[in-house]
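Novice: Mind having a look at this structure? Questions to follow.
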Amino acid sequence: WIVDGHHRVDLARRIKAADPAQNPRLAAMVLDEAAGWTAADARFRAAMRNISEGTGTPIDVAKVLRSRPDALAELPPNSALVRQGAGLARLSDAAFGMVVNQILPARLAAVIGEIAGRRPELHAQLVQFLARAAEKDPRLTVEEARFIARDAMSAPTAEEHVADLFGGQ
């Protein structure tokens, strides 16, 4: 399986198809299953390379970090791509799925992991809340999303204590 270099392989195939006399060669690294490499290892290695080169997406970074949290130490710490991916990696499964399904742009959803990382029960609601805000204002910035998320987290919920005539509920 080719896990990195799809474009180079496609180009070589097109060259060969256009001129059968051509014999394009590509350098390759073979990760042999008999030597202990798994498909997951190969995908991880390719993803880490792409992320380090800045060609991955925040969702790529999050997928790597969700499967191997220790990988963060191997990534460039000052990269915006890595920071966003780390925020996304903290999201609950439901919220992360919503981001993968493009309910909310990754750049905005990363704020939720950053601010509410330890409150996974709120993540899906915050994704929906920010998605509505982004729908109203497509130019919503990360700073505005951060403010909205913080404000939403401090608002009382229906699950909190409510006083009534018969005592608290």
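The values are calculated or read from the model by the stated rules, or taken from the named source; none is laboratory data. Keep in mind that this is a model prediction, so the values were computed, not measured. In this analysis, Cβ positions are derived from the backbone assuming ideal geometry, glycine residues included, and neighbour counts consider all displayed protein chains. Quick note on the areas: whole protein, heavy atoms, side chains included, nothing else; ligands and nucleic acids left out. Shrake-Rupley method; radii C 1.70, N 1.55, O 1.52, S 1.80 Å.
Novice: So Lys16 passes all but one of these: (1) of a type in the set (Lys, Arg); (2) more than 29 Å from Gln128 (Cα to Cα); (3) within 17 Å of the chain's Cα centre (by Cα). Which condition number does it fail?
Specialist: Lys16 satisfies every listed condition except (3).
Novice: Give the residues of the stretch 84-131 that are of a type in the set (Val, Ile, Thr) and touching a His at 6+ places or on another chain (Cβ under 7 Å), sorted by residue number.
Specialist: Hit for the stretch 84-131 is Ile112, nothing else.
Novice: Of all residues in the stretch 110-130, count the ones that are surrounded by 16 or more Cβ atoms within 10 Å (Cβ to Cβ), under 17 Å from Gln84 (Cβ atoms) and either without any contact (Cβ under 8 Å) to a residue 12 or more places away in the chain or not charged (D, E, K, R) (or both).
Specialist: 10
Novice: Can you tell me which residue within the stretch 92-109, out of those that are hydrophobic (A, V, I, L, M, F, W, C) and open to solvent by 10 Å² or more (accessible area, probe 1.4 Å), is nearest to Ala134 (Cα to Cα)?
Specialist: By that ranking, first place goes to Ile103.
Novice: While we're here: When the stretch 1-47 is examined, which residues are found to be β-branched (Val, Ile, Thr) and over 23 Å from Lys63 (Cα atoms)?
Specialist: Val9, Ile15, Val30
Novice: Okay, next question. Out of the residues in the stretch 131-144 meeting the condition of being among the acidic types (Asp, Glu) and open to solvent by less than 100 Å² (accessible area, probe 1.4 Å), tell me which one is farthest from the chain's Cα centre (by Cα).
Specialist: Asp137
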